[in-house]
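> Please see the structure below; I have some questions.
The values are calculated or read from the model by the stated rules, or taken from the named source; none is laboratory data. Source: prediction; values computed, not measured. Glycine gets a Cβ as well: all are built from the backbone with ideal geometry, and neighbour counts include every protein chain shown.
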Amino acid sequence: MSIAENIARLKDEIARACVKAGRDAGEVELMAVSKVHPVEAILEAYAAGQRLFGENRVQEFQEKSPRVASLEGARFHLIGPLQSNKTNKAAELFDAIDAVDSLKIAQRLDNAAKPLGKKLPLLIEVKLSHEESKHGIAPAELPALLDAMNGLEHVKAVGLMTVPPWSEDAETVRPYFRELRRLRDEARKQHPALTQLSMGMSNDFTVAIEEGSTCVRVGTAIFGKRIYPTP
């Protein structure tokens, strides 16, 4: 199937999942995870109506940026872990940063966004699994981080994200999605801007939608297998 056909199919699946969950389909956005795919794939998805894209490496997107910078309405989020020495370039290139896991990174992004005249939306990545490969802050650290970020002027925490352990059975990851929603709902009592929940990928996004996801991140089901290796 073409990229356009894949996007149409996924939007239908998202709509059906929303009906099942008693939600409006407009509450859930599809992010096309274009990391390790060429610019041509992004352009094809854009031509099919896709506007939100996710990249996980600053350097990789820096190389793509000249060819996508003029795409009206397109938004590019950094969804991978961000190193301190890449914060300046990330603030320049991306419309939002979706994987902040420390006050240090938030402060550096705040400093970087100021001369750019930006107010960067941030998602806080919460680590809910015990896998060493996963990033994020511990749930117990979330309230203090959000309180500290209130003093930053050029970035704003707007939601939470998590990546649960991969499983062929999406039901096994439902508790992770449910817990992230609980954490978000609790935090919103003090931080009302915290409305977003970025959770759910190709194999489990329907369950994530049932548990309150506002953004599902899908790569392979749109673009197919990775076309070239991660640098």
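> Would you call ALA45 out of contact with any helix residue (DSSP H, G or I) (no Cβ under 9 Å at 6 or more places or on another chain), among the small types (Gly, Ala, Ser) and surrounded by 15 or more Cβ atoms within 10 Å (Cβ to Cβ)?
Here the answer is no, as ALA45 does not meet what is asked.
> Consider VAL28 against the criteria (1) surrounded by 21 or more Cβ atoms within 10 Å (Cβ to Cβ); (2) closer than 15 Å to ILE79 by Cβ; (3) touching a Cys at 6+ places or on another chain (Cβ under 8 Å); (4) not acidic (Asp, Glu): it satisfies all of them except one. Which criterion is unmet?
Of the numbered conditions (1) surrounded by 21 or more Cβ atoms within 10 Å (Cβ to Cβ); (2) closer than 15 Å to ILE79 by Cβ; (3) touching a Cys at 6+ places or on another chain (Cβ under 8 Å); (4) not acidic (Asp, Glu), the odd one out for VAL28 is (2).
> Quick check on my filter: what residues within the range 30-46 are small (Gly, Ala, Ser) and in a helix (DSSP H, G or I)?
Applying the first criterion (small (Gly, Ala, Ser)) to the range 30-46 yields 32, 34, 41, 45.
Those that are small (Gly, Ala, Ser) and in a helix (DSSP H, G or I): ALA41, ALA45.
> Identify, from the list LYS64, LYS119, the residue that is touching a Pro at 6+ places or on another chain (Cβ under 9 Å), more than 22 Å from GLY200 (Cβ to Cβ), among the charged types (D, E, K, R) and at pLDDT 95 or above.
The conditions single out LYS64.
> Select from the range 97-116 the residues that are of a type in the set (A, V, I, L, M, F, W, C) and surrounded by 21 or more Cβ atoms within 10 Å (Cβ to Cβ) and write down the one among them that is modelled with the lowest pLDDT.
In this case the residue turns out to be ALA99.
> Next question, about the same structure. Does GLY54 satisfy the criteria of being outside any loop (DSSP other than H, G, I, E, B) and of a type in the set (Gly, Ala, Ser)?
The answer is yes for GLY54.
> For ARG9, only one of the following conditions fails: (1) under 17 Å from CYS215 (Cβ atoms); (2) among the basic types (Lys, Arg); (3) part of a helix (DSSP H, G or I). What is its number?
Checking ARG9 against (1) under 17 Å from CYS215 (Cβ atoms); (2) among the basic types (Lys, Arg); (3) part of a helix (DSSP H, G or I), the one that fails is (1).
> Confirm whether LYS134 is within 24 Å of LYS118 (Cα to Cα) and charged (D, E, K, R). Break it down stepwise before answering.
On the way: within 24 Å of LYS118 (Cα to Cα): no; charged (D, E, K, R): yes.
It is false that LYS134 is within 24 Å of LYS118 (Cα to Cα) and charged (D, E, K, R).
> Residue pairs, Cβ under 8 Å, 6 or more apart or interchain, first in the range 71-90 and at pLDDT 95 or above and of a type in the set (D, E, K, R), second part of a strand (DSSP E or B) and surrounded by 17 or more Cβ atoms within 10 Å (Cβ to Cβ). List them.
ARG75/LEU52; ARG75/PHE53; ARG75/ALA96
> Related question: Looking only at residues in the range 133-176 that are farther than 21 Å from PRO121 by Cα and crowded, with 19+ Cβ neighbours inside 10 Å, which one is nearest to the chain's Cα centre (by Cα)? Step through it out loud before you land on a result.
Taking the range 133-176 as the starting set, the residues that turn out to be farther than 21 Å from PRO121 by Cα are 133-134, 140, 164-176.
With the extra rule that they be crowded, with 19+ Cβ neighbours inside 10 Å, the set shrinks to 164, 173, 176.
On the way: PRO164: 14, VAL173: 18, TYR176: 16 Å.
By that ranking, first place goes to PRO164.
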